[in-house]
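Participant: Dropping the structure in here first, questions after.
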Amino acid sequence: MGTERENWSTRFGFLMAAAGSAVGLGNIWRFPYLAGANGGGAFLLIYLGFVFFIGATVMLAEFTVGRMTQKSAVGAYKSVSRNWTFAGIIGVLSAFLIMGFYPVVGGWATAYIFKSVTGLLSEPSAIPSTFGAFISDPVRPLAWMFLYMLFNIVIVIRGVGKGIETASKVLMPMLILLLFSVAGYGMTLPGAIEGFRFLFVPDFSAVTARTFLAALGQAFFSLSLGMGCMVTYGSYLAKDTKLASSAAIVTTMDTLFAITAGVAIFPALFAFGMEPTEGPGLVFVVVPQIFAQMGFIGPVLSMIFFIALMIVALTSSVSLLEVVVAYLIDEKNWTRRKAVITTSIVMLVFCTLASLSLGIWSDWTIPVLGVGFFDFFDILTDKVFLAIGGMLIAIFTGFRLKKEDLKREITNEGTVPFAIFELWYFLLKYVTPIAIGFVAFFGARAAAQPALMVFGFSFIAVLALFSKKL
Ligand code: PFF
């Protein structure tokens, strides 16, 4: 502390890093399987509503709070009021918990780069069982997860400017090209139109409160919101960077990636007569099967696809790691190296638990809560912590910070116009908290894991009570 805060070197670098954080497994692994399991078009529509009315609003709030306070997740809240420290702590905790399963899937993606060209595609009918056997193996997925985690450690130790920014600048544009080629191929297949219909024509008959909560959680997860990640990235922003257009660009890019991933998967999936409700294995089971039909070019395209998946995962998980690391550097005066290494070790332990919960421990669930570790980390963060985190940042920004100060920050002291400031402020102050309140309440009531929901909400309430002591 005390020294000049590190800054992104260019706006492009910042945009690539923020978009890199947003675009990730959430778009390519999670979005398609959630859309598949929740009826396709109707889910997409509800998701888009949340992304543009609530997600974009909260993202701008996070950037603004970060740059205004020049602090990361916890410090930003704490510097205004200690009653709010808990909201930052929930964010750091969410980052920890997401990093308790994200690298597991990142490891699968890394493994599939090699599997693609070492015979995985030669027997298409065996692809589903190969996946099942792989993720439930007690050793192999752990080794790949470890390798994946090492990449994260190296990038984050090098720091914001040198590590995250450089990696994102190179990797993001490369990924755009890769994904478009895969989607382009899918569209040319006979029968692909069914997949388009599934993804784009809404059927509301299956929509319930659960669908809304799933879409809301996915919106926050995908946009990296509700846990201080964009506050942290915003705190490294130069004073002349335009905040509102940055939020708009990142939100749009993230959404385009999700839809492109959908277009890369569903048309081909229907063309080959497969089921959209495959679940978390969707990308790993269906995509290689699609590539397996393509002859000699299949393995190469499959490899490219999984390189892309690993790359997007990496630019997201480094941002998750950075949330915790920035907290330890800013609030606890740790060195970056110590923060990265200590944090990573804890995350590795969590990931090991999560990975084993899909294999040798798959029959065991956490007492009372009724879920294994993987689901515990995933459901608790996405359906409870991120949604409530988003609600808290909206209330905090709308009610605790001064409207004039927000306006000055967003317009860079009045030098860049922001015509819809009043609309944004209204969405932030009233629409966002009320909408999240409704969706969280009714969604949690209808949730398949009620005990876990109660646990999550109570946990937040207890933290809030002790906020001043945190
Ligand atoms: N947005 C990332 C994804 O879609 O994969 C995941 C994520 C990153 C969530 C960073 C939250 C976060 F702070």
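Readers should treat all values here as calculations from the given coordinates under stated rules, not as data from a laboratory. Every value quoted in this text rests on a predicted model; they were computed, and no experiment measured them. Cβ: placed from backbone, ideal geometry, glycine included. Neighbour counts: every protein chain shown.
Participant: Please determine, by comparing only the residues of segment 142-189 that are small (G, A, S) and in contact with a Ser or Thr (Cβ under 7 Å, 6 or more places away or on another chain), which one is surrounded by the fewest Cβ atoms within 10 Å (Cβ to Cβ). Steps first, please.
Facilitator: Taking segment 142-189 as the starting set, the residues that turn out to be small (G, A, S) are 143, 159, 161, 163, 167-168, 181, 183-184, 186.
When the remaining residues are screened for being in contact with a Ser or Thr (Cβ under 7 Å, 6 or more places away or on another chain), the result is 161, 167-168, 183.
Working: G161: 16, A167: 22, S168: 27, A183: 18.
Among those that are small (G, A, S) and in contact with a Ser or Thr (Cβ under 7 Å, 6 or more places away or on another chain), it is G161.
Conditions tested, residue by residue: (1) crowded, with 17+ Cβ neighbours inside 10 Å; (2) within 19 Å of V104 (Cβ to Cβ).
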{"residue": "L356", "(1), (2)": "yes, yes"}
{"residue": "T365", "(1), (2)": "no, yes"}
{"residue": "G372", "(1), (2)": "yes, yes"}
{"residue": "L380", "(1), (2)": "yes, yes"}
{"residue": "K383", "(1), (2)": "yes, yes"}
{"residue": "I388", "(1), (2)": "yes, no"}
{"residue": "L392", "(1), (2)": "yes, no"}
{"residue": "R400", "(1), (2)": "no, no"}
{"residue": "K403", "(1), (2)": "no, no"}
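Participant: So which helices (runs of 4 or more DSSP H) are wholly in segment 417-470 and hold at least 1 residues that are under 17 Å from I54 (Cβ atoms) and of a type in the set (A, V, I, L, M)?
Facilitator: 421-426, 432-446
Participant: Before we move on, is L321 part of a helix (DSSP H, G or I), in contact (Cβ under 8 Å) with a residue 24 or more places away in the chain, within 16 Å of the ligand (Cβ to nearest atom) and not hydroxyl-bearing (S, T, Y)? Even if it seems obvious, please write down each step before you answer.
Facilitator: Values: part of a helix (DSSP H, G or I): yes; in contact (Cβ under 8 Å) with a residue 24 or more places away in the chain: yes; within 16 Å of the ligand (Cβ to nearest atom): yes; not hydroxyl-bearing (S, T, Y): yes.
Here the answer is yes, as L321 does meet what is asked.
Participant: In the list M59, M68, which residue meets the criterion of being in a helix (DSSP H, G or I), more than 25 Å from F350 (Cβ to Cβ) and either in contact with a strand residue (DSSP E or B) (Cβ under 8 Å, 6 or more places away or on another chain) or within 16 Å of the ligand (Cβ to nearest atom) (or both)?
Facilitator: On the way: M68 fails: either in contact with a strand residue (DSSP E or B) (Cβ under 8 Å, 6 or more places away or on another chain) or within 16 Å of the ligand (Cβ to nearest atom) (or both).
Answer to the selection: M59.
Participant: Any idea which of F96, F131, F50 is in a helix (DSSP H, G or I), over 17 Å from V324 (Cα atoms) and within 16 Å of the ligand (Cβ to nearest atom)?
Facilitator: Testing whether each residue is in a helix (DSSP H, G or I), over 17 Å from V324 (Cα atoms) and within 16 Å of the ligand (Cβ to nearest atom) leaves just F50.
Participant: Output the number of residues of segment 9-42 satisfying the condition of being surrounded by 23 or more Cβ atoms within 10 Å (Cβ to Cβ), away from the ligand (no atom under 16 Å from the Cβ) and part of a helix (DSSP H, G or I).
Facilitator: The qualifying residues number 1.
Participant: From A238, A268, A219, grab the single residue that is more than 16 Å from the ligand (Cβ to nearest atom) and part of a helix (DSSP H, G or I).
Facilitator: Values: A238 fails: part of a helix (DSSP H, G or I); A219 fails: more than 16 Å from the ligand (Cβ to nearest atom).
Going through A238, A268, A219 in turn, just one is more than 16 Å from the ligand (Cβ to nearest atom) and part of a helix (DSSP H, G or I): A268.
Participant: Exactly one condition in (1) away from the ligand (no atom under 16 Å from the Cβ); (2) touching a helix residue (DSSP H, G or I) at 6+ places or on another chain (Cβ under 8 Å) is not met by N333; state its number.
Facilitator: Every listed condition holds for N333 apart from (2).
Participant: Does T208 count as among the polar types (S, T, N, Q) and either within 28 Å of L320 (Cα to Cα) or without any contact (Cβ under 8 Å) to a residue 12 or more places away in the chain (or both)?
Facilitator: Working: among the polar types (S, T, N, Q): yes; either within 28 Å of L320 (Cα to Cα) or without any contact (Cβ under 8 Å) to a residue 12 or more places away in the chain (or both): no.
No, not satisfied.
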